[in-house]
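See below for the structure under consideration.
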Amino acid sequence: MKPLIIESLPPVPEWLSLLRSPALRDLLDWEQACMDEWLSDVFGFHALQVGCLGLSALRANRMPHRWRALTEYEPGSRLPADLQFESRAWPWSADSLDLVVLPHTLELSHDPHTTLREVHRVLVPEGKIVICGFNPTSLWGFRQRRAHWYQRLGVERWFLPQAGEFIGYWRLRDWLRLLGMEVQGGRFGCYRPAVQSSQWLERFAWMDAAGDRWWPILGAVYLLVATKRVHGMRLIEPGWRAARAR
């Protein structure tokens, strides 16, 4: 899949701007292309994007009601949001949203389990959740762990957000399954290191093609899609009826 080309870098949250350009542009290009491809055929009536408003996750979706929201972990965003709410208490009733997109929202949350439980509550049966997250088992994840090691020594050299942590792909799949959600697919991308020079980023372009083929689980970022499943209820007849029939 060929990534989209963004001529000018859109406003992004302050914590994500630590990446700077061109690594940040490469990240947003890949995520935007995936969102446009995966969400164009997701149907329903109500869709919600929470966080990272520099990414237009719902632009290719055709639901009539689409909202962009912020949580308490992204205060003072430079982009307009339709609403802002507490991530542990969503202002929607149960079974009311058809699609929820969380682009790098769980990394900032101090209680990602509660956030996912709220998503599960507000989704309708067969509703979908799409999550973008940074992969801890990648070059970018190694730089983040190194920043934590520096912090223990009293040195501040953060690569990405200080709040929260990177959540692994397989770990997130287990969380979703415990909530009764079926993981339908996932994808990894951005295998190149987060260099600050466009020339060096182009020199590492071969890593994207090789990564998809040879080390697909080592991409810097992943995208995951899951569906809320609600199992039907089946009445069990009393045992004495079967005995009487015999």
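What the table below lists for this structure:
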item: Qualifying residue in region 47-67 (condition: of a type in the set (S, T, N, Q), open to solvent by less than 30 Å² (accessible area, probe 1.4 Å), free of Cβ contacts under 8 Å to residues at least 60 places away in the same chain and not in a strand (DSSP E or B)); result: yes
item: Selection status of L123, within 20 Å of the chain's Cα centre (by Cα) and either over 17 Å from N61 (Cβ atoms) or modelled with pLDDT of 80 or more (or both); result: yes
item: Every pair of residues 6+ apart whose Cβ atoms lie under 6 Å, when the first sits in region 139-155 and is within 18 Å of I167 (Cα to Cα) and open to solvent by less than 60 Å² (accessible area, probe 1.4 Å) while the second is modelled with pLDDT under 75 and assigned to a loop (DSSP other than H, G, I, E, B); result: W140/A194; Q144/F159; Q144/L160; A147/R157; A147/W158; A147/F159
item: Residue under evaluation F85, criteria (1) at pLDDT below 90; (2) among the aromatic types (F, W, Y); (3) under 23 Å from V225 (Cβ atoms), criterion not met; result: (3)
item: Meets criteria (in contact with an Asp or Glu (Cβ under 7 Å, 6 or more places away or on another chain) and at pLDDT below 90) for E74; result: no
item: All positions within region 203-233 that are open to solvent by less than 20 Å² (accessible area, probe 1.4 Å), more than 29 Å from L116 (Cα to Cα) and either at pLDDT 75 or above or assigned to a loop (DSSP other than H, G, I, E, B) (or both); result: none
item: Residues satisfying the stated conditions in region 108-117, i.e. among the charged types (D, E, K, R) and either surrounded by 24 or more Cβ atoms within 10 Å (Cβ to Cβ) or at pLDDT 90 or above (or both); result: R117
item: Residues satisfying the stated conditions in region 89-105, i.e. aliphatic (A, V, I, L, M) and more than 16 Å from R68 (Cα to Cα); result: A89, A94
item: Selection count where residues are on the phi > 0 side of the Ramachandran plot and either of a type in the set (F, W, Y) or part of a strand (DSSP E or B) (or both), scope region 82-100; result: 0
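Conditions tested, residue by residue: (1) open to solvent by 40 Å² or more (accessible area, probe 1.4 Å); (2) out of contact with any Phe, Trp or Tyr (no Cβ under 8 Å at 6 or more places or on another chain).
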| site | (1), (2) |
| --- | --- |
| A81 | yes, yes |
| S87 | no, no |
| L97 | no, yes |
| P103 | no, yes |
| C132 | no, no |
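The values are calculated or read from the model by the stated rules, or taken from the named source; none is laboratory data. Source: prediction; values computed, not measured. Cβ sites come from the backbone with ideal geometry, for glycine too, and all protein chains shown count toward neighbours. Protein only, heavy atoms only, side chains kept; ligands, DNA and RNA dropped before computing areas. Shrake-Rupley method; radii C 1.70, N 1.55, O 1.52, S 1.80 Å.
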